[in-house]
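Have a look at the structure below before the remarks.
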Amino acid sequence: MNSKEGRPILTYVIIVVSVIVMIHATITSASSLLYDEYALRASYFTHGMRVISIVTYMFIHSDWIHLILNCFALWGVGTIMEREIGSARFGIVFLTSGVISGLEHVILNPASTEVFVGASGAVFGALATLFLLSPFKRTSLFVVPLPAMLVGVLIASIELASVAWASGGVLANDVQIAGFITGAALSFWIDTKKAIKGLAIGAGVVIILYMFGLFFNLI
């Protein structure tokens, strides 16, 4: 289904489900069971236990700050991208990026028994599609209309802040990188020409920022 002319329903559904799960974990005595059964533990997954957690961990968050920041980022990215590429393809990007991020965590930490939660990898996958497919798409996410590329940079900063502020569970930057790379790769599947153009624009921006940093002795 292409949602260009409709609402980004899937984005809203993901946010609502994540909020409901957090409320359930907060107000009930079953929160420990929720994390035990549906959060990702690398050692369990390595031994073929609770395999479904490779998907469910994306909808569980360590605390309210982690949840709010992830949902804010998802809203900022998802509402744009779901309209641009359609709900089905957006869902593929989100879930695939999240699954690959989870697998990357398991591969790097096969013996870990700590709880791993959050949609950061999946959100960064959607963020990559935003960068590559719609770098100059204007959005009013921050009140003033800004190009999607700039909004994406701000959202990425918020996501990194959620990693620093989260008080529970395991969070890692490498997972976000894995999600971003997955989303970028899927962008070429969605629209190769746009992705190549977006990659060239992104490379140009990086070079300009690097030169700016050198000129003002910031690097």
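The values are calculated or read from the model by the stated rules, or taken from the named source; none is laboratory data. Quantities reported herein were computed from a predicted structural model and do not represent experimental measurements. Neighbour counts are summed over all protein chains in view; Cβ atoms, including those assigned to glycine, are modelled from backbone coordinates with ideal geometry.
Considering L40, L33, which residue is free of Cβ contacts under 8 Å to residues at least 24 places away in the same chain and farther than 30 Å from K194 by Cβ?
Checking each option against the conditions leaves just L33.
Filter region 1-26 down to the residues that are modelled with pLDDT of 85 or more, under 30 Å from K137 (Cα atoms) and surrounded by 12 or more Cβ atoms within 10 Å (Cβ to Cβ) and list them by number.
P8, I9, L10, T11, Y12, V13, I14, I15, V17, S18, V19
Taking region 96-147 as the region of interest, how many residues are assigned to a loop (DSSP other than H, G, I, E, B) and at pLDDT 85 or above?
The number of residues fulfilling the criteria is 13.
Does L108 satisfy the condition of being touching a residue at least 60 places away in the same chain (Cβ under 8 Å), more than 15 Å from I14 (Cα to Cα) and buried (at least 19 other Cβ atoms within 10 Å of the Cβ)?
No, not satisfied.
So which residues in region 76-104 are closer than 18 Å to R50 by Cα and buried (at least 24 other Cβ atoms within 10 Å of the Cβ), if there are any at all?
G98, S101, G102
Any idea which of R89, R50 is in contact with a Lys or Arg (Cβ under 9 Å, 6 or more places away or on another chain) and not β-branched (V, I, T)?
It is R50.
What is the one condition in (1) surrounded by 18 or more Cβ atoms within 10 Å (Cβ to Cβ); (2) assigned to a helix (DSSP H, G or I); (3) modelled with pLDDT of 90 or more that A73 does not satisfy?
Condition (3) is where A73 drops out.
Assigned to a helix (DSSP H, G or I) and either touching a Ser or Thr at 6+ places or on another chain (Cβ under 6 Å) or more than 21 Å from Y35 (Cα to Cα) (or both), is that true of I65?
Considered against the rule, which asks whether it is assigned to a helix (DSSP H, G or I) and either touching a Ser or Thr at 6+ places or on another chain (Cβ under 6 Å) or more than 21 Å from Y35 (Cα to Cα) (or both), I65 comes out as no.
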